[in-house]
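Reviewing the structure listed below.
The values are calculated or read from the model by the stated rules, or taken from the named source; none is laboratory data. What you see is a predicted model, and the numbers here were worked out from it, not measured in a lab. We place every Cβ from the backbone using ideal geometry, glycine too, and count neighbours over all the protein chains shown. Remember, those area values only see protein heavy atoms, side chains included, never the ligands or the DNA or RNA. Shrake-Rupley method; radii C 1.70, N 1.55, O 1.52, S 1.80 Å.
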Amino acid sequence: MAKKNTVPSTLLNGLITENPTFTLMLGMCPTLGVTTAAMNGIGMGLATTFVLVCSNLFISLLRNIIPDKVRIPSYIIVIASFVTMVDLFMQAFLPDLRSALGSYIPLIVVNCIIFARAESFAAKNPPLLSLADGLGMGIGFTISITLLAAIRELFGTGTIFGAQVMPESYQPMGIMTQVPGGFITLGLMMILANAARKSIQKRRAARKEAAA
Amino acid sequence: MSTFLVIVIGQILVNNYVMCQFYGICPFLGVSKRVDTALGMGMAVTFVITIASFVTRLLQFALDALSLQYLQTIVFILVIAVLVQVVESALKKLSPSLYQALGVYLPLITTNCVVLAVAQKNISTGYGLLESTLCGFCAALGFTLALVLLAGIRERMEESEMPTWMKGFPGALIMSGLMAMAFMGFNGLI
């Protein structure tokens, strides 16, 4: 993918090919920690996307100025500044969502997706591409954690985004919104994602053979 | 004395950071392939978290005095990053054998969210200096416990016959789910 770095291909790369949750296995803590309700998933995803886009842009702009030796502390300061901004913003305007997400908002600092993208992409690519990479990765992350959250909310409380979906007679499975449910749901989703990827690869190989 | 006992049991078993609160999942899944590397990682993390809890608690006094609480995240993560660097170079000089054993895991600790989570929880629950340090130490022991347990199970899983689609991360995740269920049994202990 690294060969033809255009804006659309970079965006798509984060969304599907290198989806941070299902292929890179990055940022697992917030992925599992906040996904008890679909709304939390979206909130966490968007907060992370904002930080990811801004930090990628800034680190890419500063990539020729930051000396190699102190790059890790420099990245951490850039990331931590944006996280503090998001945190203060949410405390002021979205206090309910902030208290639902709890300490996971300040912990965006140590979300390895952001750090990994800064190190492996933004430090080597021009600002516009880094921006697209941050956006693609962020949206890919948002979609996958919202999906996970929706599944857990559906089985754990019988609702999606707070709206009743299951029939009244449905007995909610409390375990789904607790810790074990998170691990097991993600494990099952990962099996499906792997199977989907394999079948796509097989189809692509078959097409290539047919063309040859 | 009883508060200390509550902290010890609470941090290691009842509120285990990995199994009951979803912190530190990345190293938990990443470094749990073998028991000996898991132990090494656990030792390195214990070392750093204990010192980090002490230092961040001290710094919070300064932040409170200057009413700069909103800088907490930035200050703490910088302190942790620096601390990891210091521990790394100190170990290199003082105990080369331990440094060799911990190897690549040392720099990885910066992005282990247990470190930052413990530091912040110490402040928000209002622990003093001694309690914070103990809390950090026990939280790290809990992390090590979960890591070594999962590593033990995964070593056995490698040798057993499993469907290929379960191998690797999916299997490890489902196994962690079962472990988390077992840890829920400690709920009524305190």
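Total residues in the range B:8-24 satisfying the condition of being surrounded by 23 or more Cβ atoms within 10 Å (Cβ to Cβ), modelled with pLDDT of 85 or more and among the hydrophobic types (A, V, I, L, M, F, W, C): the figure is 2. Is one or more of the residues making up the range B:160-176 more than 10 Å from chain A (Cβ to nearest Cβ), of a type in the set (Gly, Ala, Ser) and free of Cβ contacts under 8 Å to residues at least 40 places away in the same chain? Within the range B:160-176 (the criterion being more than 10 Å from chain A (Cβ to nearest Cβ), of a type in the set (Gly, Ala, Ser) and free of Cβ contacts under 8 Å to residues at least 40 places away in the same chain), the answer is yes, since at least one residue qualifies. Residues in the range A:61-98 that are small (Gly, Ala, Ser) and within 20 Å of the chain's Cα centre (by Cα): 2 in all. Return yes when A:Leu154 is under 23 Å from B:Pro170 (Cβ atoms) and away from chain B (no Cβ under 12 Å) and no when it is not. Considered against the rule, which asks whether it is under 23 Å from B:Pro170 (Cβ atoms) and away from chain B (no Cβ under 12 Å), A:Leu154 comes out as yes.
So that you can scan it fast, the table gives a plain yes or no per residue for (1) in contact (Cβ under 8 Å) with a residue 60 or more places away in the chain; (2) open to solvent by 10 Å² or more (accessible area, probe 1.4 Å); (3) within 14 Å of chain B (Cβ to nearest Cβ):
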{"site": "A:Ile114", "(1), (2), (3)": "yes, no, yes"}
{"site": "A:Pro126", "(1), (2), (3)": "yes, yes, no"}
{"site": "A:Leu129", "(1), (2), (3)": "yes, yes, no"}
{"site": "A:Met137", "(1), (2), (3)": "yes, no, no"}
{"site": "A:Gly158", "(1), (2), (3)": "no, no, no"}
{"site": "A:Ala163", "(1), (2), (3)": "no, yes, no"}
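Would you confirm whether any residue within the range A:193-205 is away from every other protein chain (no Cβ under 14 Å), farther than 14 Å from A:Ile151 by Cα and among the small types (Gly, Ala, Ser)? Among the residues of the range A:193-205, at least one is away from every other protein chain (no Cβ under 14 Å), farther than 14 Å from A:Ile151 by Cα and among the small types (Gly, Ala, Ser), which makes the answer yes. Summed over the range B:106-147, the residues that are open to solvent by 40 Å² or more (accessible area, probe 1.4 Å) and more than 19 Å from A:Gly27 (Cβ to Cβ) give a count of 12. Any chance the range A:19-27 includes a residue that's under 20 Å from B:Asn112 (Cβ atoms), within 13 Å of chain B (Cβ to nearest Cβ) and outside any loop (DSSP other than H, G, I, E, B)? No. Those helices (runs of 4 or more DSSP H) of the range B:27-143 in which 3 or more residues are among the aliphatic types (A, V, I, L, M) and within 14 Å of chain A (Cβ to nearest Cβ) occupy B:35-65, B:72-94, B:113-125.
Exactly one of these conditions fails for B:Gly171: (1) over 20 Å from B:Gly42 (Cβ atoms); (2) touching a Gly at 6+ places or on another chain (Cβ under 9 Å); (3) assigned to a helix (DSSP H, G or I); (4) modelled with pLDDT under 85. Give me its number. It is condition (4) that B:Gly171 fails. Taking the range A:28-121 and the helices (runs of 4 or more DSSP H) fully enclosed by it, the elements with 3 or more residues that are over 15 Å from B:Thr110 (Cα atoms) and in contact with a Ser or Thr (Cβ under 9 Å, 6 or more places away or on another chain) are at A:28-33, A:38-61, A:71-93.
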